[in-house]
């Protein structure tokens, strides 16, 4: 098997150049999808027969909750790559994912609380889904804090990778919490193995919003990563050329 | 496809759920804006830091990077005579501070190797 792509992927300079070309297009598609999904969900989708209009929160709540878990899983993979292959770019990705994942996790918790008030009659209950999601937020904050506490890049990379890998046990707990325990939280809306229980006029805007939030995450991750690359490679020739070229424009 | 709401008032009210739906979307907007603004500010900070670093190393006649041609061509453009004394002094101080921080970093890297 030809492994050159793997080594290229690990090269910060290569990533910086190629991502600069993708970024504007990804951003445009993300913005269009986001506008389509959310306006469709807010204005055009019919209300739920049980929950009325409050269910419209789903178009933000579900994509961000999905992303909060998915970003953590991604960080865990980056952690493995950091520990095994010591790939610089993987550690940079792990670092840049953390604040984005934390913000989405917070948003999922807040929108969930706002949705809970009209639906369950309470902002918060200590049930399995909500509690495990709160733990996910704490794990994100732990990774961010640990990074800030260490000055040496190599040591902090290793420590953050290990912490992320330990915390990944929480992800299946979040996923199956609605099946294993009696919870107030409703079961999964979307399942890969079954036909969706949602009406298509609600399902479509939801799927579009999910795609939009994933793309949005990709865009802001690339934004952060590019700066992180400049920061860590600041003593190389190509970074000096890049920043001086920006200055002359 | 038709709009579900007949007028703007009913869209805002949402059958009594307006407060919840709109505040949730407001929070969503806030988080989205944060995720765009925060990396852009980070970028501004790092780029101007590196620019200062490169310029000060050039004015001292040496370069933090490996690119000798770049530093030579820039310093031969008349950097030496045009700058006032105070300006030059200030630049030297900044450069010295940066040299120190580079030394600290190098020390840190050595510690990492030992470990």
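Throughout, read-outs are computed from the coordinates displayed, never taken from laboratory work. Keep in mind that this is a model prediction, so the values were computed, not measured. No Cβ is skipped: glycine too gets one built from the backbone with ideal geometry, and neighbour counts run over all protein chains shown.
What is segment A:17-248 by shape, rounded, prolate or oblate, if you read a ≥ b ≥ c off the alpha carbon gyration tensor as root eigenvalues and call it rounded for a/c under 1.5, prolate for a/b larger than b/c, and oblate otherwise? Show your work: numbers first, answer last.
On the way: a/c = 2.57, a/b = 1.52, b/c = 1.69.
Note, shape of segment A:17-248 comes out oblate.
Can you tell me which of A:212, A:93, A:145 moves the most in a GNM of chain A? Springs connect C-alpha atoms under 10 Å apart.
Comparing A:212, A:93, A:145 in a Gaussian network model of chain A, the most mobile one is A:145.
Compute the angle between helix A:153-167 and the longest alpha-carbon principal axis of chain A, please, reported from 0 to 90 degrees and rounded to the nearest 10.
20
Can you give the translational diffusion coefficient of segment A:9-118 in µm²/s, computed by Stokes-Einstein from the Kirkwood radius over Cα pairs at 25 °C and 0.890 mPa s?
The Stokes-Einstein estimate is 150 µm²/s.
Compute the acute angle (0 to 90°) between the alpha-carbon long axis of helix A:58-85 and the principal axis of greatest extent of the alpha-carbon atoms of chain A; round to the nearest 10°.
30
In what sequence do A:57, A:71, A:110, A:173 fall when counting other Cβ within 10 Å, fewest first?
A:173, A:110, A:71, A:57
For segment A:193-249, what is the convex hull volume of the alpha-carbon atoms per residue, in Å³?
Details: hull volume 6.5 nm³, N = 57.
Each residue corresponds to 113 Å³ of Cα convex hull volume.
On average, how many beta carbons from a partner chain sit within 10 Å of the beta carbon of a residue in A:232-243?
6
Return the single residue from A:43, A:219, A:166 with maximal mean-square fluctuation; model: Gaussian network over chain A, springs between Cα atoms under 10 Å.
Highest fluctuation among the options: A:43.
Cα-based Rg (one decimal) and Dmax (whole number) for segment B:9-53, in Å?
My reading of the Cα-based Rg and Dmax gives 18.5, 59 Å.
Using the count of nearby Cβ atoms within 10 Å as a rough guide to exposure, how do A:61, A:185 rank from fewest to most? Before the final figure, lay out the partial values.
Values: A:61 24, A:185 17.
By the 10 Å Cβ count, ascending, the order reads A:185, A:61.
With each label point set 7 Å from Cα along the Cα-Cβ vector, what nm distance links residue A:166 and residue A:179?
Here the modelled spin labels are 2.9 nm apart.
Report, to the nearest 10°, how far helix A:128-149 tilts away from the longest principal axis of the Cα atoms in chain A, using its own Cα long axis and a range of 0 to 90°.
Result, in degrees: 20.
Which one, A:116, A:148, A:37, has the greatest fluctuation when you compute a Gaussian network model over chain A with C-alpha springs under 10 angstrom?
Largest GNM mean-square fluctuation: A:148.
How large is Rg/Rh for segment A:112-249, to two decimals, with Cα atoms and a Kirkwood Rh?
Answer for segment A:112-249: 1.10.
Contact order normalised by length for chain A, with contacts defined as Cα pairs under 8 Å and 6 or more residues apart; what percent is it?
32
Arrange the following residues from fewest to most other Cβ atoms within 10 Å of their Cβ: A:140, B:34, A:16.
B:34, A:16, A:140
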